[in-house]
Amino acid sequence: MEHKTSKVLIVDLGTIAYQEAWDLQHRVHGAKQAGLAADVLLLLEHPHVFTLGKNAKKENILVSETLLQEHGIDCVAIERGGDVTYHGPGQLLGYPIFSLEVLKLRVVDFVDRLEEVMIRVLKSYGLPAQRSSLNRGVWVKESKLGFVGIALRRGITLHGFALNVAPKLSYYDMIHSCGLRGVTIVSLSSL
(Lines give C-alpha, C1' and ligand atoms only; values in the text may rest on other atoms or scores of the structure.)
Protein backbone atom coordinates (compact mmCIF):
# COMPACT_ATOMS: atom_id res chain seq x y z
CA MET A 1 0.00 0.00 0.00
CA GLU A 2 1.40 3.36 -1.02
CA HIS A 3 1.49 6.02 1.70
CA LYS A 4 1.61 9.58 0.42
CA THR A 5 3.21 12.21 2.63
CA SER A 6 2.65 15.91 2.20
CA LYS A 7 5.50 18.34 2.26
CA VAL A 8 5.16 21.41 4.47
CA LEU A 9 7.36 24.44 4.15
CA ILE A 10 7.60 26.17 7.55
CA VAL A 11 8.53 29.85 7.41
CA ASP A 12 9.36 31.83 10.59
CA LEU A 13 8.63 35.48 9.74
CA GLY A 14 9.33 36.95 13.19
CA THR A 15 7.31 40.12 13.81
CA ILE A 16 5.52 41.36 10.71
CA ALA A 17 2.76 43.93 10.14
CA TYR A 18 -0.68 42.41 9.70
CA GLN A 19 -1.26 43.81 6.21
CA GLU A 20 2.13 42.53 5.03
CA ALA A 21 1.39 39.03 6.36
CA TRP A 22 -2.12 39.09 4.87
CA ASP A 23 -0.69 40.04 1.46
CA LEU A 24 1.91 37.25 1.77
CA GLN A 25 -0.78 34.70 2.61
CA HIS A 26 -2.64 35.66 -0.56
CA ARG A 27 0.52 35.43 -2.69
CA VAL A 28 1.30 31.96 -1.30
CA HIS A 29 -2.37 30.99 -1.78
CA GLY A 30 -2.08 32.06 -5.44
CA ALA A 31 1.10 30.00 -5.82
CA LYS A 32 -0.73 26.96 -4.36
CA GLN A 33 -3.52 27.44 -6.90
CA ALA A 34 -0.87 27.61 -9.65
CA GLY A 35 0.65 24.30 -8.60
CA LEU A 36 3.04 24.84 -5.65
CA ALA A 37 3.23 21.31 -4.29
CA ALA A 38 4.21 22.05 -0.71
CA ASP A 39 1.78 23.28 1.89
CA VAL A 40 3.10 26.36 3.72
CA LEU A 41 2.93 27.23 7.42
CA LEU A 42 3.77 30.84 8.26
CA LEU A 43 4.76 31.39 11.92
CA LEU A 44 4.85 34.97 13.18
CA GLU A 45 3.84 37.72 15.57
CA HIS A 46 2.04 40.97 14.75
CA PRO A 47 2.18 44.48 16.15
CA HIS A 48 -1.11 45.36 17.92
CA VAL A 49 -4.10 44.80 15.63
CA PHE A 50 -7.78 43.90 15.90
CA THR A 51 -9.07 41.74 13.06
CA LEU A 52 -12.73 41.54 12.23
CA GLY A 53 -13.99 38.34 10.65
CA LYS A 54 -16.99 38.06 8.33
CA ASN A 55 -19.41 37.90 11.27
CA ALA A 56 -17.84 40.74 13.30
CA LYS A 57 -20.03 43.29 15.00
CA LYS A 58 -18.53 46.76 15.45
CA GLU A 59 -20.09 47.00 18.93
CA ASN A 60 -17.65 44.27 20.04
CA ILE A 61 -14.91 46.91 19.86
CA LEU A 62 -15.44 48.69 23.16
CA VAL A 63 -13.20 51.74 22.69
CA SER A 64 -13.29 54.77 20.42
CA GLU A 65 -11.41 55.23 17.15
CA THR A 66 -9.39 57.92 18.93
CA LEU A 67 -8.27 55.51 21.66
CA LEU A 68 -7.37 52.91 19.04
CA GLN A 69 -5.22 55.49 17.25
CA GLU A 70 -3.58 56.59 20.52
CA HIS A 71 -2.63 52.96 21.22
CA GLY A 72 -1.49 52.37 17.63
CA ILE A 73 -4.04 49.62 17.03
CA ASP A 74 -5.17 48.98 13.48
CA CYS A 75 -8.56 47.41 12.75
CA VAL A 76 -8.66 45.20 9.67
CA ALA A 77 -11.74 43.52 8.18
CA ILE A 78 -10.76 40.13 6.76
CA GLU A 79 -12.32 37.10 5.08
CA ARG A 80 -11.98 34.52 7.87
CA GLY A 81 -14.99 33.47 9.89
CA GLY A 82 -15.74 34.71 13.37
CA ASP A 83 -15.91 38.05 15.10
CA VAL A 84 -13.25 40.45 16.41
CA THR A 85 -9.99 39.25 17.89
CA TYR A 86 -6.69 40.73 19.03
CA HIS A 87 -3.23 39.95 17.72
CA GLY A 88 -0.04 41.41 19.14
CA PRO A 89 3.44 40.88 20.53
CA GLY A 90 3.72 37.76 22.67
CA GLN A 91 1.14 35.84 20.66
CA LEU A 92 2.24 33.02 18.34
CA LEU A 93 0.32 32.99 15.08
CA GLY A 94 0.30 30.18 12.57
CA TYR A 95 -1.11 30.68 9.10
CA PRO A 96 -1.31 27.29 7.37
CA ILE A 97 -1.89 27.58 3.65
CA PHE A 98 -2.85 23.98 3.01
CA SER A 99 -4.83 22.17 0.32
CA LEU A 100 -7.69 20.45 2.14
CA GLU A 101 -8.59 18.55 -1.02
CA VAL A 102 -5.15 16.93 -1.12
CA LEU A 103 -5.32 16.21 2.62
CA LYS A 104 -8.87 14.89 2.17
CA LEU A 105 -10.10 16.99 5.10
CA ARG A 106 -13.28 18.93 5.68
CA VAL A 107 -13.00 22.43 7.17
CA VAL A 108 -14.31 21.26 10.56
CA ASP A 109 -11.71 18.46 10.65
CA PHE A 110 -8.94 20.95 9.84
CA VAL A 111 -10.09 23.30 12.62
CA ASP A 112 -10.19 20.32 15.02
CA ARG A 113 -6.58 19.52 14.11
CA LEU A 114 -5.42 23.10 14.67
CA GLU A 115 -7.05 23.03 18.10
CA GLU A 116 -5.50 19.64 18.83
CA VAL A 117 -1.99 20.93 18.09
CA MET A 118 -2.48 23.77 20.60
CA ILE A 119 -4.00 21.40 23.18
CA ARG A 120 -0.99 19.07 22.92
CA VAL A 121 1.49 21.95 23.22
CA LEU A 122 -0.28 23.27 26.31
CA LYS A 123 -0.48 19.79 27.87
CA SER A 124 3.31 19.51 27.42
CA TYR A 125 3.49 22.57 29.74
CA GLY A 126 1.21 20.84 32.25
CA LEU A 127 -1.91 22.83 31.35
CA PRO A 128 -5.18 20.87 31.06
CA ALA A 129 -6.32 22.48 27.81
CA GLN A 130 -9.51 21.46 26.03
CA ARG A 131 -12.18 22.54 23.59
CA SER A 132 -15.37 24.25 24.71
CA SER A 133 -18.90 24.07 23.35
CA LEU A 134 -19.08 27.84 23.96
CA ASN A 135 -16.70 28.76 21.14
CA ARG A 136 -14.03 27.25 18.88
CA GLY A 137 -10.44 27.52 20.10
CA VAL A 138 -8.59 26.22 23.13
CA TRP A 139 -9.58 26.73 26.74
CA VAL A 140 -8.10 26.14 30.18
CA LYS A 141 -11.06 25.66 32.51
CA GLU A 142 -13.39 28.60 31.71
CA SER A 143 -10.68 30.82 30.17
CA LYS A 144 -9.76 31.10 26.51
CA LEU A 145 -6.09 30.76 25.53
CA GLY A 146 -6.03 29.74 21.86
CA PHE A 147 -7.99 30.98 18.87
CA VAL A 148 -8.80 29.50 15.46
CA GLY A 149 -10.21 31.29 12.45
CA ILE A 150 -9.78 30.22 8.86
CA ALA A 151 -11.03 30.99 5.39
CA LEU A 152 -11.21 28.48 2.56
CA ARG A 153 -10.76 29.60 -1.04
CA ARG A 154 -10.67 27.05 -3.88
CA GLY A 155 -9.94 24.26 -1.41
CA ILE A 156 -6.93 26.06 0.11
CA THR A 157 -6.87 27.55 3.62
CA LEU A 158 -5.96 31.07 4.77
CA HIS A 159 -5.52 32.45 8.30
CA GLY A 160 -5.20 29.89 11.09
CA PHE A 161 -4.47 29.89 14.82
CA ALA A 162 -3.27 32.24 17.54
CA LEU A 163 -1.83 31.02 20.83
CA ASN A 164 -1.40 33.46 23.70
CA VAL A 165 2.12 32.86 24.98
CA ALA A 166 2.87 36.16 26.73
CA PRO A 167 0.83 39.02 25.21
CA LYS A 168 -0.26 42.07 27.18
CA LEU A 169 -3.74 40.83 28.13
CA SER A 170 -5.11 44.34 28.80
CA TYR A 171 -5.69 44.71 25.04
CA TYR A 172 -8.50 42.16 25.38
CA ASP A 173 -10.30 44.63 27.67
CA MET A 174 -10.90 46.76 24.57
CA ILE A 175 -13.01 44.09 22.81
CA HIS A 176 -15.49 41.29 23.29
CA SER A 177 -13.03 38.76 21.87
CA CYS A 178 -14.74 36.41 19.42
CA GLY A 179 -17.98 38.21 20.31
CA LEU A 180 -17.92 36.57 23.76
CA ARG A 181 -19.00 38.53 26.82
CA GLY A 182 -17.79 37.77 30.32
CA VAL A 183 -15.06 35.38 29.19
CA THR A 184 -11.57 35.69 30.64
CA ILE A 185 -8.71 35.59 28.14
CA VAL A 186 -5.46 34.16 29.50
CA SER A 187 -1.94 33.37 28.31
CA LEU A 188 0.60 30.67 28.92
CA SER A 189 2.66 33.13 30.99
CA SER A 190 -0.36 34.24 33.09
CA LEU A 191 -1.06 30.63 34.07
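The values are calculated or read from the model by the stated rules, or taken from the named source; none is laboratory data. All values reported here derive from a predicted model rather than from experimental measurement. Please note: Cβ atoms are built from the backbone with ideal geometry, for glycine as well, and neighbour counts cover all protein chains shown. For the accessible areas, the whole protein counts, side chains as well, though only heavy atoms, and no ligand, DNA or RNA atoms are used. Shrake-Rupley method; radii C 1.70, N 1.55, O 1.52, S 1.80 Å.
Would you mind putting 61-71, 93-103 in packing order, based on average other-beta-carbon counts within 10 Å, highest first?
Those peptides, ordered most packed to least, come out 93-103, 61-71.
Please work out how much accessible surface VAL183 shows to a 1.4 Å probe, ignoring ligands, DNA and RNA, in Å² rounded to 10.
40 Å²
Label 7 Å along Cα→Cβ of SER132; region 73-104 residues with amide nitrogen under 17 Å?
Under 17 Å, as judged by backbone N against the label point of SER132, lie 82-86 of region 73-104.
Can you compute the helix-only [θ] at 222 nm over the chain? Use -39500 (n - 2.57) per DSSP H run of at least 4 residues, normalise by all residues, nearest 500 deg cm²/dmol. Write out the running numbers ahead of the final one.
Values: 4 runs with 44 residues, N = 191.
Value at 222 nm, helices only: -7000 deg cm²/dmol.
Farthest toward the dipole's positive end in region 59-150, which of SER124, TYR86, VAL148, given Cβ charges of +1 (Lys, Arg) and -1 (Asp, Glu) about the Cα centre?
In region 59-150, that residue is SER124.
To the nearest 10 degrees, how steep is helix 107-124 against the longest Cα principal axis of the chain, on a 0 to 90 scale?
Once rounded, the angle reads 70 degrees.
Run the reach check for LYS54 against lysines, Cα to Cα strictly under 27 Å, same-chain hits fewer than 8 apart removed. What comes back?
LYS32, LYS104, LYS144, LYS168
State, as an integer percentage, the relative contact order of the chain based on alpha-carbon contacts under 8 Å between residues 6 or more apart.
Value for the chain: 23 percent.
What does the highest-first list of 119-131, 158-170 look like by mean Cβ count within 10 Å?
Working: 119-131: 14.2, 158-170: 19.6.
Taking the mean over residues of other Cβ atoms within 10 Å, the ranking is 158-170, 119-131.
Charges at C-beta only: +1 for Lys and Arg, -1 for Asp and Glu. How large is the resulting dipole of the chain about its Cα centre, in Debye rounded to 20?
Magnitude of the dipole: close to 580 debye.
Could you give the angle, 0 to 90 degrees to the nearest 10, between helix 18-33's Cα long axis and the longest principal axis of the Cα atoms of the chain?
Orientation of helix 18-33: about 20 degrees from the principal axis.
Which Cα, out of ALA17, CYS75, ALA34, lies furthest along the positive dipole direction of region 15-79 (beta carbon charges, K/R +1, D/E -1)?
Most positive-ward Cα: ALA34.
Please work out the Kirkwood hydrodynamic radius for region 42-191, using every pair of different C-alpha atoms, and report it in angstroms with one decimal place.
Taking every pair of different Cα atoms in region 42-191, averaging 1/r and inverting gives 15.6 Å.
What is the dipole size for region 16-67, taken about its Cα centre, with +1 at each Lys and Arg Cβ and -1 at each Asp and Glu Cβ, in debye to the nearest 20?
The dipole of region 16-67 has a size of about 220 debye.
In the chain, what % of DSSP beta bridges are antiparallel (nearest 5)?
Just about 70 percent of them are antiparallel.
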